[in-house]
Amino acid sequence: MTHDSLLFTPGPLTTSPSVKAAMLHDLGSRDGRFVAVVSEIRRRLLRIAEAEDHGFEAVLMQGSGTFGIESVIGSTVPADGRLLVLSNGAYGKRIVRIASVLGIPTEVLEFPENVPVELSRVAAALGSASPFSHVAIVHCETTTGILNPVREVGQLVRQAGCRYIVDSMSGFGGIPISVPACGIDFLVSSANKCIQGVPGFSFAIVERSALLECRGRARSLSLDLHAQWEGLERDGQFRFTPPTHALLAFRTALEELEAEGGVDGRAARYAANHQALVSGMSTMGFQCYLPPEHRSHIITSFRYPDHPAFDFGAFYDLLARRGFVIYPGKLTHEDCFRIGNIGHLFPGDIEALLSGISEVLGELSLCLTS
Ligand SMILES: *Cc1c(COP(=O)(O)O)cnc(C)c1O
């Protein structure tokens, strides 16, 4: 393979050379060095979640982020439980689909894709005697890049006496969050998003008493969160073949996160990427889908230009040929495409992408500013 493309996507992302190089070792799953890596990763994840010494556990689960969500949803809601999903995008809908496949009684509170989850409607749905045992929300809805008020919703969920599940797949590690302070019982994220590892596993940051409740509830053998935790606690090992190389890469990625100044440092770089992107794109005549107050620095949605000659397929291909991979939209009501600000990418890479976009507009004879 020649030079890798830069991935301006929601994941998998561009990773650093050292993260890739960390995988050039074969370790047995029972090797003491590997067991130590797993234990170090679990400790570091709790630190990033600001949950050390707060009665929380970090559980690693094979598979991509969706497997982690499915593990948590399927392992936590009891047979007589009821789930409320707060949804304003495709990933909220995916939680609903998971619950439906698992046969979990679920209600959905839907919000438009360009509006954050509204507290008043959540409070009304939970009521004084909540009919729900669990509430799930997406932190940064990667469909649009919108940020949901996870902490404020957490207070309502606490008051209602429900367990709180947060899909922070695309936020964790790139947006500072204190899991205990937000009242979160289960936060799910994965290796290949803001921590900048390679794909292969997901993880959950879990409040210990909430985890202990899960014994025997799982609707799946391999995705049993409590059994997975028990295994990790017993001998430091996974129950089934672990993604050894991905875990080695992840350990290096965690060290690089710390060297960058932790989550705050990383958030600052992503914010600089985001600002450079939005300013360059608007100069060329592109419009953001979300108003500024709802945008996050994780990923940005742009409307298709209102120009008869614009064709996303052609635009995408010409950019890909130059080594820049962007992402299609996922909105139900509007044609958008997305550009991610996360991964091992820096404002200089954003400038290179912007030059590429400008060239492609020229090649397609698209002038958006007149
Ligand atoms: C990436 C992502 C997921 C998981 O997607 P996978 O393709 O399974 O890794 C879930 N939720 C959100 C918000 C995401 O951004």
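Bear in mind that the values in this text are calculations on the coordinates, not laboratory data. For clarity, every value in this text was computed on a predicted model and none was experimentally measured. Methodologically, a virtual Cβ is constructed for each residue, glycine included, from the backbone with ideal geometry; neighbour enumeration extends over all protein chains shown.
A few remarks follow.
- For R303, the shell of other residues with beta-carbons less than 9 Å away shows a net charge of -3, using +1 for Lys and Arg and -1 for Asp and Glu.
- Between D317 and S16, the FRET efficiency estimated from the beta carbon spacing at R0 = 41 angstrom works out to 0.90.
- Summed side-chain charge close to E40 - residues other than E40 whose Cβ falls under 10 Å, Lys, Arg +1, Asp, Glu -1: +3
- Residue-averaged 222 nm ellipticity for the chain, from DSSP H runs of 4+ at -39500 (n - 2.57), nearest 500: -12000 deg cm²/dmol
- Hull-based mean projected area of the chain, where the convex hull spans the alpha carbons, in square nanometres: 18.4 nm²
- In plain terms, the chain is cut at each of the chymotrypsin sites (Phe, Trp or Tyr not before Pro) found in a DSSP loop with at most 16 other Cβ atoms within 10 Å, and the longest leftover piece is 1-239.
- For the stretch 98-203, the calculated P(r), taken from all Cα-Cα distances in 10 Å bins from zero up to the bin holding the longest distance, is 14, 44, 35, 7, 0 percent.
- The stretch 111-177 - charge dipole about Cα centre, Lys and Arg +1 at Cβ, Asp and Glu -1, debye rounded to 20: 260 debye
- Distance between the 7 Å Cα→Cβ label points at T241 and T332: 3.9 nm.
- All lysines inside 28 Å of K330 as judged from Cα atoms, apart from same-chain residues fewer than 8 positions distant: K93, K193
- Listed from fewest to most Cβ neighbours within 10 Å, the set H139, H307 follows the order H307, H139.
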